[in-house]
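Enquirer: Can you read through this structure? Questions will come right after.
The values are calculated or read from the model by the stated rules, or taken from the named source; none is laboratory data. Being a predicted model, the structure only gives us computed values, none of them experimental. Neighbour counts are summed over all protein chains in view; Cβ atoms, including those assigned to glycine, are modelled from backbone coordinates with ideal geometry. Areas reflect the complete protein model, heavy atoms only, side chains present, ligands, DNA and RNA absent. Shrake-Rupley method; radii C 1.70, N 1.55, O 1.52, S 1.80 Å.
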Amino acid sequence: MSRPRILVINPNSNHKVTQGLEDALKPLDFEGGPELVCQTLAEGPFGIESQADVDSVAMPLRRLVESDNSSAAFVIACYSDPGLQVCREGTDRPVFGIAECGVLTALSRAENFGVIAIAQRSIRRHMRYLRQMGLTDRLAGERPLNMSVAETASGEGTLAKMIEVGRALRDEDGARAIVMGCAGMARHRRPLEDALQIPVIDPTQAAVTMALGTVQFSAH
């Protein structure tokens, strides 16, 4: 009997980001559990860094989800949750967005949370989403790295900058948990948590954990 599959979709076309996701998800790919498959959206921009980028991948994601008859669940691995609702319309299988799952996971670990964004212009987009979720009163603050998606995935000095911003969120804004606001930050979760000594949430790990539970319980 084949293992049920969870498809984790990187909506940008940067394969280093996809590799980082694969590495971050290895602890969740356990024997007897669902198969975790990470896929790069070939049509996506190299980094999703604007509302235009977010909008541009919605329908390619929908087509990918609709045409996939093998996966038991889907995870959209971008912190803007691009195409989340339109993808949910296109399938009767569960679709998880990492921003939604990351924030909800942070709120299960602490009274409030802070977000490390890739850039200042991302924050307005994230705030709009938090207002839609009704969770702005639990946000301690959001601060930018002012780096690109590609730089967060492979650039030198990324972790040091994340520690600097994380400390400001913790010490100045009062955040009791940190959400990493970009899938490209995945490989930095553990060292960042070690440095800050408060929970650090990788939203892709959070979303895949929720997908795993959903798929496992539906199969038993």
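Enquirer: With a 1.4 Å probe and all protein chains left in place, how much of the accessible area of region 86-133 comes from carbon and sulfur atoms, in whole percent?
Expert: In region 86-133, the share of accessible area belonging to carbon and sulfur is 46 percent.
Enquirer: Let me ask something else about it. Suppose all protein chains stay in the model; what accessible area per residue would a 1.4 Å probe give for region 89-133, in Å²?
Expert: 48 Å²
Enquirer: Per residue, how much accessible area does region 17-86 show when a 1.4 Å probe rolls over the protein heavy atoms, in square angstrom?
Expert: 44 Å²
Enquirer: Does region 1-94 come out rounded, prolate or oblate, given a ≥ b ≥ c as the square roots of the eigenvalues of its C-alpha gyration tensor, rounded meaning a/c under 1.5 and, failing that, prolate meaning a/b above b/c?
Expert: Taking the square roots of the gyration eigenvalues as a ≥ b ≥ c, region 1-94 is oblate.
Enquirer: With Cα extents along the principal axes in Å defined as stated, name the option among [x] 57, 33, 25; [y] 58, 37, 32; [z] 51, 36, 35 computed from the structure displayed.
Expert: For Cα extents along the principal axes in Å, the calculated option is [z].
Enquirer: Rank by packing, highest mean first: peptides 16-28, 126-138, with packing defined as the count of other Cβ atoms within 10 Å averaged across residues.
Expert: Descending mean neighbour count gives 16-28, 126-138.
Enquirer: Sticking with this structure for a sec: Which of Thr105, Cys78, Ala168 sits closest to the plus end of the dipole of region 30-177, meaning its Cα is farthest towards the positive end, when Lys and Arg get +1 and Asp and Glu get -1 on the C-beta?
Expert: Ala168
Enquirer: Highest first, please rank the peptides 84-93, 141-150 by the mean number of other Cβ atoms sitting within 10 Å of their residues.
Expert: Packing order, densest peptide first, comes out as 141-150, 84-93.
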